[in-house]
Amino acid sequence: MTNGVIFDIKEFALHDGPGVRTTVFLKGCPLRCAWCHNPEGISPQPQTMRSLRGERIAGREFAPHELARILNRQAAALRACEGGVTFSGGEPLMQADFVAETVDLLDDLHVTLDTSGYAGEHALRSVLARVDLVYFDLKLIDAAAHRRYTGVDNAPILRNLRILAGSGVPFVIRVPLVPGVTDTDENLAAIARTVRGLPGMQRVDLLPYNQAAGGKYAAAGLAWLPDYDETRPLNLNTAVFETLQVKVRVQ
C-alpha cells in the first residue's frame with residue numbers, strides 16, 4: 001500500500017471533466033511554471049500557509065483505502081450527475097502508485113486524470129490503464145521557451161502525448177493561455193500542428209489566464225515574479241486550430 005499527500009478535495013467541481021465531479025489535488029510537481037496558480041501543490045510535502053486569516057496546513061497524508069472511502073460515499077450522487085472523480089495537482093503522476101491503488105478501490109466511478117504529461121512512461125501507463133479520460137496540458141512547443149517558463153524539457157511530455165494517443169483512452173488537450181507567452185499565434189499554431197489527427201483527441205480547450213494566481217504565493221512563502229505582462233490582452237486565436245480542422249473551444 002502506498003500513501004499519498006493531498007492538499008485539497010474539491011466537491012461539486014464543474015470544469016474538471018464530464019458532469020459534476022470531485023477533484024482530488026495531489027501535492028508535488030516537477031514543473032515550475034511561471035504562472036502556476038496552485039503554488040501549494042509544488043512541494044510534495046505538507047506545508048504551512050500563512051495569510052491574514054491565520055495559518056493552515058496544505059497537505060495531508062491519506063492511505064488509498066481512506067481516500068477511496070471518502071470518494072465512494074459520493075459515488076451515487078456523482079453517477080446521478082453523470083460525473084465522477086478527477087485526479088489533479090500538482091502533478092498526480094508523481095504519486096502514480098497511490099492514484100492507481102485508489103482507483104482500484106473506487107465503486108464504478110468515471111475517472112479523469114488531469115496531468116502536465118511530465119512523468120516516466122511506467123507511471124503514465126499504470127494510471128492510463130485505470131482511467132476513462134485524460135486532460136493533458138500542452139503549454140509551449142518550442143523547447144527553449146518551455147525550459148525557460150516551466151523549468152523542464154518538453155521532450156518527455158511530447159513522448160507521453162504519443163503514448164496517450166496510442167492507448168485508446170480519450171483525451172482533451174488543455175492550453176493555459178499566458179499573455180505573450182503561450183497565447184502567441186506561433187505557439188498556438190504549433191500546438192494545432194502537433195495534435196492534429198491524434199487518435200482519441202476530443203478537442204482542445206483554451207484556458208484564459210488567471211490573474212488571481214499571485215495571491216497565494218505570499219501565503220506559501222514564495223515570491224511572485226512573473227517576467228511577462230499580466231495585463232496584456234489575451235490572444236484568443238481559435239482560427240489556427242479551425243484551419244487545421246482541430247476542434248477547439250475557449251473554456
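The values are calculated or read from the model by the stated rules, or taken from the named source; none is laboratory data. These numbers were taken from a predicted model, which means no experiment stands behind them. With ideal geometry, Cβ positions are generated from the backbone for all residues, glycine too; neighbour counts draw on all protein chains shown. Keep in mind that these areas ignore ligands, DNA and RNA; they rest on the heavy atoms of the full protein, side chains included. Shrake-Rupley method; radii C 1.70, N 1.55, O 1.52, S 1.80 Å.
Probing with 1.4 Å while keeping every protein chain in the model, the per residue accessible area of region 1-99 equals 48 Å². Karplus-derived 3J(HN,Hα) values for region 41-53, using 6.51 cos²θ - 1.76 cosθ + 1.60 with θ = phi - 60°, are x, 6, 6, x, 9, x, 9, 8, 9, 10, 8, 5, 8 Hz; glycine and proline are entered as x. Distance from the alpha carbon centroid of region 80-146 to that of region 8-70 works out to 14 angstrom.
Annotation: per residue accessible area for region 122-164 equals 41 Å², rounded to a whole number [probe 1.4 Å, protein chains only].
A Förster radius of 30 Å, combined with the Cβ-Cβ distance separating residue 224 from residue 142, puts the computed FRET efficiency at roughly 0.80.
Once you order the gyration tensor axes a ≥ b ≥ c over the Cα atoms, which shape class does region 1-92 get: rounded for a/c under 1.5, otherwise prolate or oblate by comparing a/b with b/c? Note, shape of region 1-92 comes out prolate.
Were the residues from residue 207 through residue 57 laid out at 0.36 nm apart, the gain over their Cα-Cα distance would be 51.1 nm. Surface composition of region 122-182: carbon plus sulfur atoms contribute 50% of the solvent-accessible area (1.4 Å probe, protein chains only, all chains present). Per residue, the chain reaches -7500 deg cm²/dmol at 222 nm when only DSSP H runs of four or more residues are counted, each adding -39500 (n - 2.57). Among 94, 201, 1, 49, the order of accessible area from largest down is 1, 94, 201, 49, computed with a 1.4 Å probe on protein heavy atoms. Near residue 10, which lysines are there with a Cα under 25 Å away, not counting those fewer than 8 places off in the same chain? The reachable lysines, counting only those whose Cα sits under 25 Å from residue 10, are 27, 139, 216. Overall form of region 95-251: oblate. Here a/c, set by the Cα gyration tensor axes a ≥ b ≥ c, is 1.5 or more, and a/b is not larger than b/c.
Modelled spin labels at residue 108 and residue 2, positioned 7 Å past Cα toward Cβ, are 2.8 nm from each other.
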